[in-house]
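**Student:** Dropping the structure in here first, questions after.
The values are calculated or read from the model by the stated rules, or taken from the named source; none is laboratory data. Everything quoted here is computed from the prediction, not taken from an experiment. Backbone-built Cβ (ideal geometry, glycine too); neighbour counts: all protein chains shown. Remember, those area values only see protein heavy atoms, side chains included, never the ligands or the DNA or RNA. Shrake-Rupley method; radii C 1.70, N 1.55, O 1.52, S 1.80 Å.
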Amino acid sequence: MKYYSTNGNTPDVSLQTAVVKGLAADRGLFMPERIPLLPKAFFNNIGEMSLQDISYVVANTLFGDDIESATLKDIVYETLNFDIPLKHVADNKYSLELFHGPTLAFKDVGARFMARLLGYFNKQQNGNGGMVNVLVATSGDTGSAVANGFLGVPGVRVFVLYPKGKVSLIQEAQFTTLGKNITAIEVDGTFDDCQALVKSAFMDEELNAHMMLTSANSINVARFLPQMFYYFYAYAQLLKQGKDVSNIVVSVPSGNFGNITAGLIGKRMGLPIKRFIAANNRNDIFFQYLNTGVYTPKPSVATIANAMDVGDPSNFARVLDLYKHSHEAICAEISGCTYTDEQIGETMAKTYKETGYLLDPHGAVAYRSLEEGLAENETGIFLETAHPAKFKSTVDAIIGEDIEIPAKLAAFMQGDKQTVEMGSGFASFKKFLMSV
Ligand SMILES: *Cc1c(COP(=O)(O)O)cnc(C)c1O
């Protein structure tokens, strides 16, 4: 399968090139040239299949021409060595718990898949001697998922750029204490500054001649596409639990819009989801776009759902591309919402009190959108994208309890923080990379 650029000014490339390059030469995002339809028979059996088996079928349909099946199967099975259960919360509303991986957030899925695929391609291309440098900008969870996904993978070095003082201590500990092939760079600026540094690095000819650079942000097809696996698994679990699957609505807490875009492609492959909700915090550029038809990026503002504090979502280009730039077509399948920190907190407190289910601030945005917008004949699934303990101080203050930190998370807090401090200008970042 070939991959084209959403900007359309550069030739199509192979999966390997799309994964290694991350961003197209014309600064567009890669998209698969075809979106294959899965056979009906697959959906008849899906309720009896495991997460790994479902994911392998979906992966093989997308990547089967490019990777031999035994290797692809290993990659999928190693990536998904944890469960993604669908839990009933209230009435016709279900939580897809994406936080059972090593860093307790959904980004583990894409990061683990990409690390293994990149390791495989690098070995094919360069044998055991080659070195790929992964640059990743994070507003919190990406950095930890990518760093842990790549930790110890031979032939790959990871540089994590994060905005100083703008991620939680627990998030920070997950990528600043690892050592080995992982370097954390503490940028005096915002997440958008970090993302701009990474983008500039990819466009810098001298730097690219000096070292092989690639991205692990949600723009990379190897991170973004595997996120569709669990939408299929959510459907399978509803079926298995004997629930109504005729009008499924999925609400996705959205920042850079990689997660929801993967779901949209899953629908194109035949997954029977009726409609999507793109749930926003106060960084509601997409919500404004739905309302007005005009896309106006803005500097991000800090919220308690900080992994969604994105002022110019990269994957918006993919959404536009999927719907051939038709605002009408986009509005027919996706609705939006926007909530303040107060509303997010209120939803967490109320849901915990009434149902016993503890939402994290990101999942709470999506859950509230179901509470407000789900019809009686619909079945709502929201993506619970991170474990609440990742935002412990926020969550504790809201529910008035001292919530337990899972052992997996507590282990990160034991390590020593090691970072490289950096300003937000490109010159110093380039100098640093040239010297490593
Ligand atoms: C990254 C992240 C999001 C946003 O996902 P996108 O794919 O960028 O839209 C939501 N919730 C959590 C916990 C995240 O880490």
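**Student:** Based on the mean of other beta carbon atoms within 10 Å per residue, what is the order of 106-115, 295-304, most packed first?
**Tutor:** Details: 106-115: 28.2, 295-304: 15.5.
Packing proxy ranking, top to bottom: 106-115, 295-304.
**Student:** Measuring with a 1.4 Å probe in the full set of protein chains, what accessible area per residue, in whole Å², belongs to the chain?
**Tutor:** On the way: 16260 Å² over 436 residues.
Heavy-atom accessible area per residue stands at 37 Å².
**Student:** Please report the accessible area of Asp312 (heavy atoms, 1.4 Å probe, ligands and nucleic acids excluded) in Å², nearest 10.
**Tutor:** Roll a 1.4 Å probe over it and Asp312 shows about 80 Å².
**Student:** Still on this structure, I have one more. If we count every other residue with Cβ under 10 angstrom of Lys267's Cβ, Lys/Arg +1 and Asp/Glu -1, where does the sum land?
**Tutor:** Details: positive: Arg268, Lys274, Arg275; negative: Glu333.
Its environment carries a net charge of +2.
**Student:** With a cut-off of at most 10 other beta carbons within 10 Å, and DSSP calling the residue loop, which trypsin sites (Lys or Arg not before Pro) in the stretch 1-94 qualify? Please list them. Let's see the in-between values first.
**Tutor:** Values: sites: Lys2, Lys21, Arg27, Arg34, Lys40, Lys73, Lys87, Lys93; in loops: Lys2, Arg27, Arg34.
Answer by residue number: Arg34.
**Student:** With a/c under 1.5 counting as rounded, go ahead and sort the stretch 234-351 into rounded, prolate or oblate using the C-alpha gyration tensor (a ≥ b ≥ c being the square roots of the eigenvalues; past the cut-off, prolate if a/b is larger than b/c, else oblate). Walk me through the numbers before you get to the answer.
**Tutor:** Working: a/c = 2.13, a/b = 1.19, b/c = 1.79.
It comes out oblate by the Cα gyration axes.
**Student:** Starting from the Cα of Lys430, draw a straight line to each of the lysines and keep only those under 16 Å, dropping any in the same chain fewer than 8 residues away.
**Tutor:** Of all the lysines, those that pass the test against Lys430 - Cα under 16 Å, at least 8 places apart if same chain - are Lys199.
**Student:** Using the Cβ atoms and a cut-off under 11 Å, what net charge is assigned to the surroundings of Asp402, where Lys and Arg are +1 and Asp and Glu are -1?
**Tutor:** On the way: positive: Lys392; negative: Asp396, Glu401, Glu404.
Neighbour charge sum, excluding Asp402 itself: -2.
**Student:** Right, another one. Quick check on the stretch 1-111: take the gyration tensor over C-alpha atoms, sort the square-rooted eigenvalues as a ≥ b ≥ c, and tell me if it's rounded (a/c under 1.5), prolate or oblate. Walk me through the numbers before you get to the answer.
**Tutor:** Values: a/c = 1.89, a/b = 1.62, b/c = 1.16.
Prolate, because a/c is 1.5 or more and a/b exceeds b/c.
**Student:** Relative contact order for the stretch 289-373: what is it in percent, counting Cα pairs under 8 Å that are at least 6 residues apart? If you can, show how the numbers build up before the last one.
**Tutor:** Values: 59 pairs, mean separation 20.9, N = 85.
It rounds to 25 percent for the stretch 289-373.
**Student:** Mind listing the long-range amide H neighbours of Tyr339? Cut-off is under 5 Å, sequence gap 5 or more, other chains count too, H placed in the peptide plane at 1.01 Å from N.
**Tutor:** The answer is Asn280, Asn281, Arg282.
**Student:** Roughly how big is the stretch 339-405's charge dipole about its Cα centre, with Cβ charges of +1 (Lys, Arg) and -1 (Asp, Glu), in debye to the nearest 20?
**Tutor:** The calculation lands at about 140 debye.
**Student:** Taking the alpha-carbon distance from Lys243 and a cut-off under 29 Å, which lysines remain once sequence neighbours fewer than 8 residues away in the same chain are dropped?
**Tutor:** Lys40, Lys87, Lys93, Lys107, Lys267, Lys274, Lys350, Lys353
**Student:** How do 377-388, 253-264, 183-194 rank on mean C-beta neighbours within 10 Å, highest first? Before the final figure, lay out the partial values.
**Tutor:** Numbers: 377-388: 24.4, 253-264: 26.9, 183-194: 21.2.
In descending order of packing, they fall as 253-264, 377-388, 183-194.
**Student:** R0 = 30 Å: FRET efficiency of Ala410 with Lys87, Cβ-based, nearest 0.05?
**Tutor:** Values: r = 23 Å, r/R0 = 0.77.
With R0 = 30 Å, the Cβ-Cβ based efficiency is 0.85.
**Student:** Further, regarding this structure: Between Met434 and Arg268, take the C-beta separation as r, use R0 = 41 Å, and let me know the FRET efficiency to the nearest 0.05. Write down the numbers at each step before the final one.
**Tutor:** On the way: r = 42 Å, r/R0 = 1.03.
For R0 = 41 Å, the calculated efficiency reads 0.45.
**Student:** Follow-up. Rounded to the nearest 20 Debye, what is the dipole magnitude of the stretch 1-113 about its Cα centre when Lys and Arg each give +1 and Asp and Glu each give -1 at the C-beta? Kindly include the intermediate steps, with their values, before the conclusion.
**Tutor:** On the way: 10 positive and 14 negative charges, 63 e Å.
Approximately 300 debye in magnitude.
**Student:** Using the crude model of +1 on Lys and Arg Cβ and -1 on Asp and Glu Cβ, and no other charge, please compute the dipole size for the chain relative to its Cα centre, in debye to 20.
**Tutor:** Magnitude of the dipole: close to 800 debye.
**Student:** Right, another one. Considering only protein heavy atoms, with the full assembly of protein chains and a 1.4 angstrom probe, order Glu172, Glu342 by accessible area, largest first. Before the final figure, lay out the partial values.
**Tutor:** Values: Glu172 25, Glu342 130 Å².
Ranked list, largest accessible area first: Glu342, Glu172.
**Student:** Is the C-alpha gyration tensor of the chain telling us rounded, prolate or oblate? Criteria: a/c under 1.5 is rounded; beyond that, a/b larger than b/c is prolate, otherwise oblate.
**Tutor:** Working: a/c = 1.42, a/b = 1.18, b/c = 1.21.
It is rounded, given that a/c, with a ≥ b ≥ c, falls under 1.5.
**Student:** At 222 nm, what helix-only mean residue ellipticity would the chain give, in deg cm²/dmol to the nearest 500, using -39500 (n - 2.57) for each DSSP H run of four or more? Intermediate results must be reported in sequence, preceding the final value.
**Tutor:** Numbers: 20 runs with 195 residues, N = 436.
Using -39500 (n - 2.57) per qualifying helix, the result is -13000 deg cm²/dmol.
**Student:** I would also like to ask the following. Leaving out ligands, DNA and RNA, and with a 1.4 Å probe, what % of the accessible surface on the chain is carbon or sulfur?
**Tutor:** Working: 8030 of 16260 Å².
It is 49 percent, rounded to a whole number.
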